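Since the structure comes first, as structure tokens, the remarks are kept for the end.
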Amino acid sequence: MDSSQSPTNFVALIQRGDDAATRLYNAPDSHSLSQIQIGSIVTSVLGHLEHCEYKTFDNVMAGLGGNLVCPSRWIINLFHFCESTTTDESICLQIAKNLGPLVRCMCDDRNRLFFQSKKHWRESIDKFASLILAIATKSIALDSSLKEEMVETLFQNEDLLSSIVQWSNVWRKDATLEDTRNYNIYHCGKLSAMLLVVEMPDLRERIASMPVVSKYDDPNCTESYVEGLISHMQFNNKFDQDDLRVLQHLIVDEDCVDKGVIEGMIDFGVNSTDVGPEYAAELLFPMLFKGALARGNHPSDTRVAFAIRAGLINLCLSFMVRVGGDMRSTVFSHVEAIFKSIYFVALHKKTWKAIRHKRPDIEAKLNLLDANIIHDVKCKELLDMIKAILDMNGAYCCHCNKSLGRKERYQCGGCNRMTYCSRACQRADWLNGHNQACCMEYTDDYVGKFHGRMVPFYGADERAVSKLTELEINSNMIQLKLFLDHSSTILEQAKSLNIPLCDCVVRFELRYYPPKVTTNHYSECYVSTQKEYEASRSMKNIMCVYYSYNFTGDIISTHLEEPSSMLCMQKMFPFDWLTQKK
Ligand SMILES: [Zn+2]
Ligand SMILES: [Zn+2]
């Protein structure tokens, strides 16, 4: 630059639109301008940019008498002021406050006009992106009240937020050459989003739910930012720390998860190489379970079911093949957590159906693993967990324990909660006690008399009741099987207690893995109602009690032991079935 130029002249030249002065102004700290001088440059540059929506650049230049070649140079000036550590915060705030016309021009993806010119728009868009990034970066470093003011000011224009999200999406398959060339835009969009994500909670949700493709390009695009980020990582098989931080934050803390995100992540786990599967394993668990718990909700049956249909269980099994029984591997512990959580919702309708749908696939993979690689104790435990999940997924006649196909199921027409292989079994079960239990509200008076639900869902809304009914149907179908499968355990336990079978209460605890079976004297279970129980209980049947979870998805309870999240069902079986029936 011309070093003879005095700062005052220099400022005046920039204000008049002098190309040489404006262009040379790319290292603000070296020009030893005062804050007042910087302020006056900013004011006049912002004043020029105010016309960018309606006037042509030539028109503005004619008014100024300058020879500036391209208006993008003004944006570069502003960028340098914002980036400089010596610039006053108030100047950055002034810039943020007066960017409206510029933002509207640059973010209008349909017209792409800056000073009425497509050429100027193209020349300026990446500089504009850098400017936004500089302001966002500056904001983060400020005290909280000023930071909020700055960011709020900057993003009062909704178009800017959605533009940032869309700029970050040059990885999309239909990205134009122009988009990919503007790598800066991508970079800026990504970083801005990250900064906001980390620092500005109220903006996070807005960003995360914005479609990644401009509505002008594709009005039907519903692909979210998170989903786009996942496909970007998969497409490039590249794991940028920034991407991962954003992803982790949006999934774990913000719970920005929808079907597309779940599907994308499973796809990513299956198809990526290198460390990709590790990241997938790490994010899948919070995606499906932990986020929900952190918000005070229960795991979502819907979400888990969808993930299973998308191949979650097989993906986890293939993770095991990768890492073997290496317990130090984080993948291993993630897989363990995922399996355990599936186990807890395995009896819920959607999960149950999804597992059933995938059952042949899962069994094939299990056989393969059994036959080939798994000799490790830890791996075996995990495989047993999946087998327990498949066991819970059984469909059996509530009366004769016959394994049921999809079409051979008869339900009790009264309560719709019992499933049978035939009308004959339905009739037999009716006479065996269901006639007393069908459609009855269960109370303590009925303990030891017939089967039913023991902890009614107090104050439940319609949705919770229908969830409960779904859960009961699936629970009912495996109760007899559990009873018969554990017959020797029950007989042994009763024998060691030295009590008759009619005095026994067998407790099946399905809320824990591995499921527990314990036999007790009835007085230990029903102390408060012992007298009534004594008088009316069945002397031919053994009483079984089954505990499982009832996740309704919207009950505010972080404590899984609360009755609202627990289902407790009672069922009586003739005790000669323990020795006779198969
Ligand atoms: Zn049957
Ligand atoms: Zn019934």
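The values are calculated or read from the model by the stated rules, or taken from the named source; none is laboratory data. Since the model is a prediction, treat every value here as computed from it, not as a measurement. Here the Cβ is made from the backbone with ideal geometry for all residues, glycine too, and neighbour counts use every protein chain on show. We work out accessible area using only protein heavy atoms, side chains counted, and drop any ligands, DNA or RNA first. Shrake-Rupley method; radii C 1.70, N 1.55, O 1.52, S 1.80 Å.
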Next item on the list: Give just the number: which of (1) at pLDDT below 55; (2) surrounded by fewer than 20 Cβ atoms within 10 Å (Cβ to Cβ) does V197 not satisfy?
Entry: (2)
Next item on the list: For N432, indicate whether it is at positive phi and within 14 Å of ligand 1 (Cβ to nearest atom).
Entry: no
Check: Restricting attention to region 487-513, and to residues there that are in a helix (DSSP H, G or I) and in contact (Cβ under 8 Å) with a residue 40 or more places away in the chain, which single residue is nearest to I389 (Cα to Cα)?
Finding: S487
Margin query: Going residue by residue through region 416-426, is there one that turns out to be away from ligand 2 (no atom under 16 Å from the Cβ) and open to solvent by 70 Å² or more (accessible area, probe 1.4 Å)?
Written below: no
Note to self: Pairs please, first residue from region 514-540 and under 16 Å from I490 (Cβ atoms) and open to solvent by 100 Å² or more (accessible area, probe 1.4 Å), second anywhere and modelled with pLDDT of 80 or more and among the β-branched types (V, I, T), Cβ atoms under 9 Å, 6+ apart in sequence or on different chains.
What the structure shows: E524/V505
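Here's the yes/no breakdown for (1) open to solvent by 20 Å² or more (accessible area, probe 1.4 Å); (2) assigned to a helix (DSSP H, G or I); (3) within 16 Å of ligand 2 (Cβ to nearest atom); (4) in contact with a helix residue (DSSP H, G or I) (Cβ under 9 Å, 6 or more places away or on another chain):
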{"position": "F339", "(1), (2), (3), (4)": "no, yes, no, yes"}
{"position": "K350", "(1), (2), (3), (4)": "yes, yes, no, yes"}
{"position": "I355", "(1), (2), (3), (4)": "no, yes, no, yes"}
{"position": "P360", "(1), (2), (3), (4)": "yes, yes, no, no"}
{"position": "E363", "(1), (2), (3), (4)": "yes, yes, no, yes"}
{"position": "L368", "(1), (2), (3), (4)": "yes, yes, no, yes"}
{"position": "E381", "(1), (2), (3), (4)": "yes, yes, no, yes"}
{"position": "I389", "(1), (2), (3), (4)": "no, yes, no, yes"}
{"position": "C398", "(1), (2), (3), (4)": "no, no, yes, yes"}
Note to self: If D243 meets every condition in (1) in the same structural domain as N314 (by TED's automatic domain parsing); (2) open to solvent by less than 10 Å² (accessible area, probe 1.4 Å) apart from one, which number is that one?
What the structure shows: (1)
Next item on the list: Can you work out which of the residues in region 401-415 that are under 19 Å from Q580 (Cα atoms) and free of Cβ contacts under 8 Å to residues at least 60 places away in the same chain is least open to solvent (accessible area, probe 1.4 Å)?
Entry: S403
Next item on the list: Return the residue satisfying two criteria in turn: it lies in region 244-279 and is modelled with pLDDT of 80 or more and among the charged types (D, E, K, R), and of such residues it is farthest from T302 (Cα to Cα).
Entry: E278
Next item on the list: Please determine, by comparing only the residues of region 433-443 that are surrounded by fewer than 18 Cβ atoms within 10 Å (Cβ to Cβ) and away from ligand 2 (no atom under 12 Å from the Cβ), which one is modelled with the lowest pLDDT.
Entry: T443
